[in-house]
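> Okay, handing you the structure first.
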Ligand SMILES: Nc1ncnc2c1ncn2[C@@H]1O[C@H](COP(=O)(O)OP(=O)(O)OP(=O)(O)O)[C@@H](O)[C@H]1O
């Protein structure tokens with residue numbers, strides 16, 4: 001007879017033959033086991049069934065330091081009930097067992113839970129376990145009423161995967177088909193980003209307010225630019241005296257400044273009504289007047305356009321959530337019984353108040369986890385006071401909540417944890433808005449298996465090569481601050497014969513298969529443009545026979561020689577005639593089918609590798625070429641799919657397609673390039689710290705630690721909240737002219753202090769991703785009193801021998 005629905009916590013001073021049988025029996029009945037003993041639990045793992053359960057996280061083993069007081073004692077707690085608090089305290093202090101995690105996972109009370117905890121302490125893990133606890137305790141729980149909000153799409157996919165893996169683990173141990181049904185039910189659960197939840201929410205609950213189910217989310221950047229151009233002209237006509245001082249500025253620079261300002265406004269999820277109330281301060285050139293005129297008019301026109309088209313931009317999703325609050329509770333029909341929010345520290349004001357509204361309207365139980373020190377989305381409006389705001393809202397609404405903190409770090413080895421605590425503690429002393437006191441100190445659980453820890457060394461080409469050679473295939477991530485640095489690093493690593501997996505959001509319309517497809521279109525629409533024609537010749541659709549040196553050799557003043565040369569080399573069989581009888585897309589698909597650009601690409605890429613790096617591993621080069629080919633194909637297929645979705649199968653002309661792609665390539669930042677992560681474990685991951693959030697790697701490399709946070713002469717836009725309204729501060733640098741308003745001057749000092757704190761938090765995230773070692777570029781010694789770049793915040797541990 002089993003007394004548990006979900007788990008048993010079993011402490012037994014020694015392991016006997018019977019222990020195995022009892023544990024096995026629990027597991028076969030789908031009961032998770034926390035087994036703790038003075039005896040070495042490794043013994044248990046000799047049993048293959050138990051080993052598997054341990055791997056799946058359903059058998060948690062901890063060796064406890066001996067204490068006479070607990071000798072010969074046995075204790076069991078089922079589903080977190082009837083616990084012996086003194087024993088749990090002892091176990092927590094003397095083994096890897098985590099009392100706080102355990103209690104949090106098993107909480108029975110109807111209240112909200114707020115978990116504020118440091119890096120690698122198992123926040124995400126506990127959240128997953130908590131969902132499994134709830135489902136086991138209430139098997140009839142409709143998973144469609146469980147909502148989980150994550151910070152990125154990748155994190156959402158990862159959560160779903162982890163939940164499914166756990167349930168699969170249960171099924172493998174029990175062979176109970178219920179778990180297969182639960183796996184299916186996970187499909188009903190909403191797991192996604194705030195923005196995708198907002199879309200789902202608005203199109204369901206917001207229908208009577210005019211939000212449509214078929215609402216499209218797309219970028220309006222192109223329209224925005226056109227409107228900005230239009231209203232600048234209007235302003236210039238109506239206010240020639242003010243405009244006079246901007247007359248000699250290239251028009252595109254003025255437009256770019258407005259695009260930048262509007263992007264900042266969008267990032268802050270500021271509602272339409274508040275944008276119209278923005279305050280612009282004063283500058284002596286009158287830019288504040290032009291800004292007010294242009295931004296208000298562009299905003300109004302864009303809103304109208306979006307309404308007419310039943311479309312929204314991603315950034316509208318959050319700012320529009322405010323309006324649904326007018327719906328009375330009895331008219332809401334979604335079911336949200338449990339609301340989980342991961343990375344809560346990165347929610348912005350509008351999101352925090354929406355969460356508080358949701359839990360009170362839907363009577364949901366909230367489980368919000370995060371780490372203030374990992375708040376790194378200030379530029380997107382996140383506020384590191386998010387937890388305090390949430391507590392304020394809950395208290396005002398008389399909602400009970402309980403706060404937890406977790407301290408044991410299960411990710412990084414002991415030496416790293418020791419170095420982290422020392423380092424972060426120092427930051428606390430010198431960075432105004434970064435706090436790390438005794439209660440933030442991480443506790444190490446994992447023993448050292450390597451000697452590294454955190455080391456700093458000049459990471460120039462030779463050292464980088466040595467490091468990569470030594471750590472290749474060791475699960476290495478190179479973390480940087482910007483997408484530009486990602487690209488630079490990829491170039492550097494690939495030029496040394498290693499392979500990279502670079503993560504850049506929204507890069508789909510600029511990836512190779514899309515660019516080459518665009519050249520294919522141009523080959524038909526503009527065959528006489530020599531530059532494009534030559535690029536096409538070099539692409540995977542062309543022969544790539546004509547070298548640049550040949551072009552130069554054949555140069556004469558008289559004729560458009562490149563085109564002639566290309567004409568001679570191309571045995572291009574697809575004439576423009578096919579388009580007369582058929583519509584564009586099917587013909588282009590035929591071209592793709594015949595040319596097979598992905599295969600051409602693979603062949604050329606492999607040849608290039610062999611020629612460039614003849615001494616490197618051939619098998620790996622082949623594997624990489626095949627992976628790259630599959631990625632080429634999958635992205636090209638996706639492009640065709642997206643074009644068909646936009647235009648239907650037979651509607652579009654070549655010119656429609658070209659125009660569509662031109663705009664998308666210039667403006668789209670939503671669509672992601674598809675990658676085959678599973679097949680390329682040999683690749684070194686290169687990504688921004690923002691992308692690395694929530695992830696972990698054996699080794700972390702930090703190459704560009706000397707880039708300054710604040711570059712002299714940068715344009716800066718500040719959005720300053722004040723008494724329910726927003727003020728805008730600007731310092732716009734057009735090289736020979738600078739405009740700066742009063743609000744900027746008043747707030748710039750505080751802004752700089754905030755920027756340094758944000759950078760420290762970014763570095764905190766980067767460092768805490770490492771399990772075993774960190775190698776950071778550093779030529780500067782730690783200089784906490786003049787903090788301009790990451791290396792001013794770093795400090796070497798042991799020396800690394802390369
Ligand atoms: N009780 C535990 N026992 C063993 N391993 C654990 C435990 N809790 C978490 N872990 C492991 O520790 C690592 C970090 O966990 P997790 O990612 O959940 O932490 P986190 O607090 O969400 O981290 P971060 O905020 O830094 O992204 C993971 O590899 C996880 O499997």
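Coordinate-derived values only; no laboratory data. Source: prediction; values computed, not measured. Every residue, glycine among them, receives a Cβ derived from its backbone with ideal geometry; neighbour counts consider all protein chains shown.
> Over the Cα atoms, compute the radius of gyration (one decimal) and Dmax (the largest Cα-Cα distance, rounded to a whole number) for the chain, in Å.
29.6, 100
> Give the peptides 167-177, 116-126 in descending order of average Cβ contacts within 10 Å, highest first.
Result, highest mean Cβ count within 10 Å first: 116-126, 167-177.
> Given the convex hull over the Cα atoms of segment 222-310, what projected area results after averaging over all orientations, in nm²?
6.0 nm²
> Related question: Just to be sure I understand the model, the point goes 7 Å from the Cα along the line to the Cβ. What's the resulting residue 259 to residue 73 distance in nm?
Going from the residue 259 label point to the residue 73 one covers 6.8 nm.
> Could you tell me the extents of segment 677-786's C-alpha atoms along the three principal axes, largest first, rounded to whole Å?
52, 35, 27
> While we're here: Given the Cα atoms of segment 56-172, and with Rh set as the inverse mean 1/r over their pairs in the Kirkwood sense, what is Rg to Rh to two decimals?
Computed over Cα atoms, the ratio is 0.99.
> Roughly how many whole Å is it from the C-alpha centroid of segment 588-656 to that of segment 381-434?
So the two Cα centres are separated by 46 Å.
> If packing is taken as the mean number of other Cβ atoms within 10 Å per residue, what is the order of 497-503, 759-765, highest first?
So the peptides 497-503, 759-765, ranked by packing, come out 759-765, 497-503.
> Here's something else I'd like to know. Can you list, largest first and rounded to whole Å, the semi-axes you get for segment 176-236 by taking the square root of 5 times each eigenvalue of its Cα gyration tensor?
Taking √(5λ) for each eigenvalue gives 43, 14, 8 Å, largest first.
> Starting with the highest mean, order 525-533, 260-268 by the number of other Cβ atoms within 10 Å, averaged over the residues of each peptide.
260-268, 525-533
> Counting DSSP beta bridges with both partners in the chain, what percentage is antiparallel, nearest 5?
For the chain, the DSSP antiparallel bridge percentage is about 25.
> Kindly put 136, 433 in sequence by how many other C-beta atoms sit within 10 Å of each C-beta, fewest to most.
433, 136
> Normalising by the residue count of the chain, find the relative contact order in percent from Cα pairs under 8 Å and 6+ residues apart.
Contact order relative to length: 15 percent.
> Using just the helices of the chain, give the 222 nm mean residue ellipticity in deg cm²/dmol: DSSP H runs with n ≥ 4 each add -39,500 (n - 2.57), and the total is spread over all residues, rounded to 500.
The helix contribution divided over the chain gives -15000 deg cm²/dmol.
> Can you give the relative contact order of segment 44-155 as a percent, counting alpha carbon pairs under 8 Å and 6+ residues apart?
Once divided by the residue count of segment 44-155, the mean separation gives 17 percent.
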